[in-house]
Amino acid sequence: MEAAGQLGKGLEKENIQFASAYSSDSGSARETTEVLLNNDGQNDLNYTEDKRLREICFGTYEHDTNNNMWEAAANYKNTEKVLVDEEFTLEGMYEAI
């Protein structure tokens, strides 16, 4: 949470204000959002929670490149289309798998 607080203070110092804010509905994401907004002087800004913003685990692909992950997914589904970092889009991912 210290990093979120420092970020919020830095945003306030630079006079950067949010028009809106979004968070997943997980407790840690809510807390991070609130710490950031409070330290940015925007504690009155209501934020939107959305479960679709939850973190997901990519297992052995955590901290790997998008290319390696999507290539493995494409190979798993026996498709010839392989996504590379420059081409990454959600639509392309869904087509590949």
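Quick notes
- If you go through the range 1-33 and keep only what is among the small types (Gly, Ala, Ser) and open to solvent by less than 50 Å² (accessible area, probe 1.4 Å), you end up with Ala4, Gly5, Gly8, Gly10, Ala21, Ser23, Ser24, Ser26, Gly27, Ala29.
- Scanning the range 1-33 for residues that are touching a strand residue (DSSP E or B) at 6+ places or on another chain (Cβ under 7 Å), part of a helix (DSSP H, G or I) and hydroxyl-bearing (Ser, Thr, Tyr) yields one hit, Thr33.
- Of the numbered criteria (1) part of a helix (DSSP H, G or I); (2) open to solvent by 70 Å² or more (accessible area, probe 1.4 Å); (3) modelled with pLDDT of 90 or more; (4) of a type outside the set (Asp, Glu), the one Leu36 fails is (2).
- Condition met for Glu49 (under 20 Å from Ser24 (Cβ atoms) and surrounded by 12 or more Cβ atoms within 10 Å (Cβ to Cβ)): yes
- A count restricted to the range 59-74 and to residues that are open to solvent by less than 80 Å² (accessible area, probe 1.4 Å) and assigned to a loop (DSSP other than H, G, I, E, B) stands at 3.
The values are calculated or read from the model by the stated rules, or taken from the named source; none is laboratory data. For clarity, every value in this text was computed on a predicted model and none was experimentally measured. Counting neighbours? That spans all protein chains shown, and the Cβs are built from the backbone with ideal geometry, glycine included. Just so you know, the surface numbers come from the protein's heavy atoms only, side chains and all, with ligands and any DNA or RNA stripped out. Shrake-Rupley method; radii C 1.70, N 1.55, O 1.52, S 1.80 Å.
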